[in-house]
Every structure is written in C-alpha cells, then in structure tokens.
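Only one structure is covered here, and it is reproduced in the block below.
The values are calculated or read from the model by the stated rules, or taken from the named source; none is laboratory data. Being a predicted model, the structure only gives us computed values, none of them experimental. Cβ placement follows ideal geometry from the backbone for every residue including glycine, while neighbour counts extend to all protein chains displayed.
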Amino acid sequence: MPSSKTALVWNLPVRLFHWGVVCCFITAWSTLDSRYLDIHIFSGYSTMGLLLFRILWGWLGGPYARFSDFSFTGHEVLSHFKETMKGRPKPFIGHNPAGSWAIYLLIGLSAAITLSGLITLGGEEQHGPLAGLLSFSQGDIAHQIHELLAWSTLAVIAIHISGVLLESRLLNENLIRSMITGKKRIPTTAPPAIAHHNTAITLLVVLSGAALFWFMGYLTAPDDKPYRPFIGPELADNALWREECGSCHLAFHPSLLPARSWQKMLREQATHFEEDLFLEADTINALQIFLTNNAAEWAATEAAWKINHSIAENETPLSITETGYWQEKHGELADAVWQTDPVKGKSDCAACHLDADLGTFEDGAMHLPNNF
C-alpha cells in the first residue's frame, strides 16, 4: 500500500467483542455435557450481552466499527470474491465486502443460537426467564434447532477463517494479528480509530461481575453440601411410599416410570425382584393411588418427560435402567464402573445425583465421584 502508516483500526471494544464471542462459542461447545449446563448457559448469556453491545457499538463505535462503514451490496461482495480468486484482492481499511457479510451472518447466527438456547432452557429445562411458559416438547424442538444452528455457525466460522488466512497471504498482512493488536497498515490520509479504553474497561467489569454473580455458589457452598446451580420443582411426596419403598433402596420417585409399570409392580409384589413385599391390600391401594397420580406421564420434570418418551407403548419396564433414556445416558459406562466405590450398582442413583432423593434429577445436580 503506497504512502501508508501503521495505525489503530480495531479499537479495544471491537476486539473484546470479537474474542469474547470466540471464547463464549468455544466454551459453549466444550460444555455440551449436561453436567456443565450452568457454564454452557453462562456462555450463552454472555454471548447475548456481547451481541447487544456490538449492535449498539455499530452505531456509536466510530470509524471502522460502525455498520455503515462495512455495508456492501451483493455485487460488491461478488466482485471482491472474483478479485480474490484472481489473487489480487483490493485492500480495505476495515472489513472487506466478503468479511462484512460473514460478520453479519455470524452475528445473526449467534443471535439465533442464543434465542433458541433461551427457548430450550425454558422448555426442556424449565429454567430461565421462559420457565413455565413452554412445554417440554417445545423445548425439545428448540434444542434440535439450537444444535443445527451451532453446526451451521461452525461451518461459517471455518469459511471465515479460511478467507482471513487467504487474504493475509495475498495482502502480505497478518489479519489475525491485527485483530489482536488492533493495528493495520492504512493510507496516511485515513484517520485512525479512537481507542475507547474506558468503554472496554466497563465492558470487562460488567462481564467479570456477571461471572462472579453467576458462579458465586461454588465459592460459598460448604464441602458437605455441594452447590447445585439448578433446583428442580418440588415433587409430590408420601410418607407411606418412602417407608415401604425406601426401606430397602432409594425411594424412586413415581415420575421416573409410567403408571402401568407401577401398577404391574404392585400386582406382582409377591415376586418383586425375587422378593415378597408382603404388602397389605390397603397399603397396595394407597401406594397405587400415589404412584399412578404422579407417574412419568404427568411430565413433572425433564427426566420424567424424556423417560416416558423413550418407552414404547407396548413396553412396561419394571426398572428405570430398562428405559431407553436411562440407557442412552449411561450406555457408555463400563460394567466395572457400577462396582466402583462408592457406587453400589446401577440402582445407586444418589452416588452421582445430588437430588436423587428428591426425584428431580437436574442436570446441574450431577456430581461424579473422584475415582470415575
């Protein structure tokens, strides 16, 4: 570039947004395991906040950060692409036409991902600002859309990075380093960007404060009572059920199996897993009412809804471990795991689920033993 100088193009708020979204996407992708749902959700909320900031900064951010500075028509994008393929792309101070469309597309996809994630959180998890407004089935559909959007974003990111690397080579300028340092070669007549350090510091303080607030429970919870980021609904309880069912093993909440399973279990109580329960008729009747009225069909929790939908209508499992959903979640575990101290078999849910006794089985309540 004749008569050029090295100057600030990407001010600090723009760079913080860019790398902040990158970190949020990587973190969200790395925390797909439901045990890390709280980290995954915080990444989504952070992305949402960063997007709102970038939209505002697109009007107030000064040269090269404003949307009006990288608004190109489809013809301009196509022309730039052709010139790039010929090996002689025109240099731009800020975003080039192809890069600008990639930025708009990534912002749009990120917004769609956070929105679908919010709907998933409200429907499938019954948490967040939309909790209680959406059904589990709606949340499940949103979850599938959420995953599709994430994969689409990954594909666009791959194309974006390829374009950056190609133009860096053709223009003999490290564009990735420019987004780190903020500096590029620009014509001597072009004005540099304004640093806006105070805005960047404010953005960092807000994000740090949000992280501290979100994860404070991990810092303050005592060792004997691990922090649970999500608390499930208060499920129906029954003293007789706890006495009869909890005397030999964990009292599995009725929401974890369909009504027909509990009814069959009570009919066959004399051969209950090779044991005779010796239940009186009035006890059986009372238990049947409680178990049937709170069975999986009522979808009191995410676990209940997913368990019920994993069981064929012609199936009547007598054990939670027989259900498709349980096998899907635990199928990769080796048989030896179930004999590892302190786990006492597949029915010992409390070894890993802090809320097993409550029956809610929230994702964030999973706490695997150290030797797993």
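Could you grab me the full set of residues in region 155-176 that are assigned to a helix (DSSP H, G or I) and touching a residue at least 12 places away in the same chain (Cβ under 8 Å)? Steps first, answer last, please.
At the first step, the residues of region 155-176 found to be assigned to a helix (DSSP H, G or I) are 155-171, 175-176.
If the condition is that a residue be assigned to a helix (DSSP H, G or I) and touching a residue at least 12 places away in the same chain (Cβ under 8 Å), then Val156, Ile157, Ile159, His160, Gly163, Val164, Leu166, Glu167, Leu170, Leu171, Ile176 are the ones that fit.
Each row is one residue, and each column tells you yes or no for (1) under 21 Å from Cys23 (Cα atoms); (2) among the charged types (D, E, K, R); (3) touching a residue at least 24 places away in the same chain (Cβ under 8 Å).
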| residue | (1), (2), (3) |
| --- | --- |
| Ile180 | yes, no, yes |
| Lys184 | no, yes, yes |
| Thr188 | no, no, yes |
| Asn198 | no, no, no |
| Ile201 | yes, no, no |
| Trp214 | yes, no, yes |
| Lys225 | no, yes, no |
| Ala236 | no, no, yes |
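Might you check whether a residue that is in the same structural domain as Val22 (by TED's automatic domain parsing), outside any helix (DSSP H, G or I), within 30 Å of Asp363 (Cα to Cα) and not acidic (Asp, Glu) occurs anywhere in region 136-152?
Our first condition is that a residue be in the same structural domain as Val22 (by TED's automatic domain parsing); within region 136-152, this holds for 136-152.
In the following step, the residues that additionally are outside any helix (DSSP H, G or I) were identified as none.
For region 136-152, residues in the same structural domain as Val22 (by TED's automatic domain parsing), outside any helix (DSSP H, G or I), within 30 Å of Asp363 (Cα to Cα) and not acidic (Asp, Glu): absent.
If a residue must be in a helix (DSSP H, G or I) and farther than 17 Å from Val9 by Cβ, how many such residues does region 61-101 contain?
Count: 14.
Let's see how each residue does on (1) closer than 27 Å to Leu368 by Cα; (2) touching a helix residue (DSSP H, G or I) at 6+ places or on another chain (Cβ under 9 Å):
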{"site": "Leu219", "(1), (2)": "yes, yes"}
{"site": "Pro233", "(1), (2)": "yes, no"}
{"site": "His253", "(1), (2)": "yes, yes"}
{"site": "Glu268", "(1), (2)": "no, no"}
{"site": "Asp282", "(1), (2)": "no, no"}
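Having 1 or more residues that are touching a residue at least 40 places away in the same chain (Cβ under 8 Å) is the bar; report the helices (runs of 4 or more DSSP H) wholly within region 274-372 that clear it.
Counting at least 1 such residues, we get 281-293, 302-309.
I'd like the residue in region 245-266 that is modelled with pLDDT of 95 or more and of a type outside the set (A, V, I, L, M, F, W, C) and, out of all such residues, is nearest to Ser310 (Cα to Cα).
Per the stated criteria, the residue is Pro258.
What's the total number of residues in region 1-46 that are polar (S, T, N, Q), surrounded by fewer than 16 Cβ atoms within 10 Å (Cβ to Cβ) and modelled with pLDDT of 95 or more?
Residues that pass the stated criteria total 1.
What are the residues in region 65-99 that are within 22 Å of Thr199 (Cβ to Cβ) and either touching a helix residue (DSSP H, G or I) at 6+ places or on another chain (Cβ under 7 Å) or not aliphatic (A, V, I, L, M) (or both), if any?
Ala65, Arg66, Phe67, Ser68, Asp69, Phe70, Gly94, His95
Could you list, in sequence order, the residues of region 153-180 that are small (Gly, Ala, Ser) and within 24 Å of the chain's Cα centre (by Cα)?
Going residue by residue through region 153-180, those that are small (Gly, Ala, Ser) are 155, 158, 162-163, 168, 178.
Passing the criteria: Ala155, Ala158.
In region 124-150, what residues are of a type in the set (A, V, I, L, M) and touching a residue at least 60 places away in the same chain (Cβ under 8 Å)? Before you say what the answer is, go through the steps one by one.
Within region 124-150, the first condition is being of a type in the set (A, V, I, L, M), and the residues that meet it are 130-131, 133-134, 141-142, 145, 148-150.
Selection gives Ala150 alone.
Among (1) part of a loop (DSSP other than H, G, I, E, B); (2) closer than 29 Å to Leu121 by Cα, where does His18 come up short?
For His18, the exception is condition (1).
Which ones in region 263-322 are of a type in the set (A, V, I, L, M), exposed (fewer than 14 other Cβ atoms within 10 Å of the Cβ) and more than 21 Å from Ser347 (Cβ to Cβ)?
Selection gives Ala281, Ile289, Ala312.
Can you spot a residue in region 66-81 that is buried (at least 19 other Cβ atoms within 10 Å of the Cβ) and within 27 Å of Thr202 (Cβ to Cβ)?
Scanning region 66-81 turns up at least one residue that is buried (at least 19 other Cβ atoms within 10 Å of the Cβ) and within 27 Å of Thr202 (Cβ to Cβ).
When you scan region 331-351, do you find a residue that is surrounded by 18 or more Cβ atoms within 10 Å (Cβ to Cβ) and under 23 Å from the mean Cα position of the chain (by Cα), even just one?
no
Do the conditions hold for Ser208, that is, is it part of a helix (DSSP H, G or I), more than 22 Å from His95 (Cβ to Cβ) and in contact (Cβ under 8 Å) with a residue 24 or more places away in the chain?
Answer is no for this residue.
Residues are listed down the side, and each one gets a yes or a no for (1) more than 22 Å from Leu50 (Cβ to Cβ); (2) surrounded by fewer than 13 Cβ atoms within 10 Å (Cβ to Cβ):
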residue	(1), (2)
Ile161	no, yes
Glu167	yes, no
Glu173	yes, no
Lys183	yes, no
Ile186	yes, no
Ala190	yes, no
Ala193	no, no
Leu203	no, no
Leu207	no, no
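Between a residue in region 244-273 that is farther than 17 Å from Thr323 by Cβ and any residue that is modelled with pLDDT of 95 or more and among the hydroxyl-bearing types (Ser, Thr, Tyr), which pairs come within a Cβ distance under 8 Å, given they are 6 or more apart or on different chains?
Filtered contacts from region 244-273: Glu244/Thr283.
Looking only at region 211-237, count every residue that is of a type in the set (Ser, Thr, Tyr) and in a loop (DSSP other than H, G, I, E, B) and tell me the total.
Residues that pass the stated criteria total 1.
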